[in-house]
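Have a look at the structure below, then the notes.
The values are calculated or read from the model by the stated rules, or taken from the named source; none is laboratory data. What you see is a predicted model, and the numbers here were worked out from it, not measured in a lab. Positions of Cβ are generated from backbone atoms using ideal geometry, with glycine treated the same way; all protein chains shown enter the neighbour counts. The area values use the complete protein model at the heavy-atom level, side chains included, leaving out ligands, DNA and RNA. Shrake-Rupley method; radii C 1.70, N 1.55, O 1.52, S 1.80 Å.
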Amino acid sequence: MPRPFATPRLALPLLVAGSIAAGSCAAIPGVGGGGPSQQIDTVVVMAYNIRHGEGTDGEIDLRRIARVIEAHGPDFVTLQEVDRGTDRVDGDDQARTLGSLTGLHHAFGRFMDYDDGEYGMAVLSRWPIVSVTNERLPDGDEPRTALKVRVRSPDSDQEIVIAGVHFYRTDEERLAQADRLIETLIDETRPVILAGDFNSTPDDAVIDRFAGEWDILSKGRDRLTFPSTDPREEIDYVMVRPARRFYALEHRVIDEPLASDHRPLIAELIVRP
């Protein structure tokens, strides 16, 4: 069974941050080195396409999704395929419900009207949310947005941007959506964590678009995320920018075959000042 991440992670002194990784400051490039003591933040990020809470058994069960989230203690979660007020989920505001179940702040980003409600994605955050932008991306077979949430560390006051995506559907549509998202973030001076369902494998042109300026975190050998019961494709990712502001302590796929048709990702990151 995967090891749950520990909960307390915020505002570690820069001079001792190396103790997180192998007990040595030298183990973390750019951290330590005898300079003045500063605070850094160590955060856990999850990306999870929840298919409106419908598991591979056909049951819609948000409490099951919440248990998956809580078991790994993330500070931020980007959620794809989230409903608000639709008939198929009995009018539930799923972002609000998951926020309540996990004790996290929530933000919802609408893609489109659907089934007498709304369909889109969400971000959950342990840190206070400063602002929310639901950035319209070029339409494809379905409308798409990028949900950008600016958050502030309650201890260090450092701000970062969490961006959730769910690109769709053809190569051409996904490339246009990727180009527009990159354009909207080009002047962002804060550290950015981009996570979600890219619907693109590592050799697709969409992933190549990000490879130049983004650090695409490696998941290791067990990297396939879809379908959850018999994974054959790697289409979900966590990326960061600029790379010099981040150090990845761990990044992996969670072996969860029941709660959704995607396996969730979890990453533990140091965010440098």
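Please work out how much length the chain gains when fully extended from D230 to T189, using 0.36 nm per residue of separation minus the C-alpha to C-alpha distance, in nm with one decimal. Walk me through the numbers on the way to the answer.
Working: separation 41, 0.36 × 41 = 14.76 nm, distance 3.97 nm.
Full extension of this stretch gives 10.8 nm more.
Return the carbon/sulfur percentage of the accessible area of segment 133-273, one whole number, probe 1.4 Å, all protein chains in place.
42 percent
For segment 43-156, how big is the tail of P(r) above 16 Å, as a whole percent of Cα pairs? Please report the intermediate quantities before stating the final value.
Numbers: 3725 of 6441 pairs.
Roughly 58 percent, once rounded to a whole number.
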Discussion item. Which of rounded, prolate or oblate describes segment 52-107 when judged by the alpha-carbon gyration tensor and an a/c cut-off of 1.5?
Written reply: oblate
Item to complete: Work out the length of the dipole vector of segment 41-95 about its Cα centre, built from +1 on the beta-carbon of each Lys and Arg and -1 on the beta-carbon of each Asp and Glu, and round it to the nearest 20 debye.
Response: 120 debye
Fill in: Value of D in µm² per second that Stokes-Einstein yields for segment 138-184, Kirkwood Rh from Cα pairs, at 4 °C (1.567 mPa s)
108 µm²/s
Item to complete: For the chain, list log₁₀ I(q)/I(0) at each q in 0.07, 0.08, 0.09, 0.16 Å⁻¹, using the Debye formula over Cα point scatterers of equal strength and ignoring solvent, two decimals each.
Response: -0.23, -0.30, -0.38, -1.26
Discussion item. Can you give me the accessible area per residue for the chain, using a 1.4 Å probe, in Å²?
Written reply: 42 Å²
Worksheet, complete the sentence: Quick shape summary for segment 188-243, equivalent ellipsoid via Cα gyration tensor, semi-axes whole Å in descending order, reads 22, 12, 9
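Scale the Cα Rg of segment 103-181 by the rule-of-thumb value 2.2 N^0.38 Å and send over the ratio, two decimals.
Details: Rg = 14.1 Å, N = 79, 2.2 N^0.38 = 11.6 Å.
Rg over 2.2 N^0.38 Å, computed on Cα atoms: 1.21.
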Discussion item. Just to confirm the number: angle between the C-alpha axis of helix 62-72 and the first principal axis of the chain, 0 to 90 degrees, nearest 10?
Written reply: 10 degrees
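For the chain, with only Lys/Arg (+1) and Asp/Glu (-1) charged at the beta-carbon, what is the dipole magnitude about the Cα centre, in debye rounded to 20? Present the calculation step by step, with values, prior to reporting the outcome.
Details: 31 positive and 47 negative charges, 281 e Å.
Its charge dipole is roughly 1340 debye.
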Practice prompt. Write down Rg/Rh for segment 138-243, rounded to two decimals, with Rg from the C-alpha atoms and Rh from the Kirkwood relation over Cα pairs.
Written response: 0.98
Discussion item. Tell me the angle of helix 171-185 to the major Cα principal axis of the chain, expressed in degrees between 0 and 90 and rounded to the nearest ten.
Written reply: 40 degrees
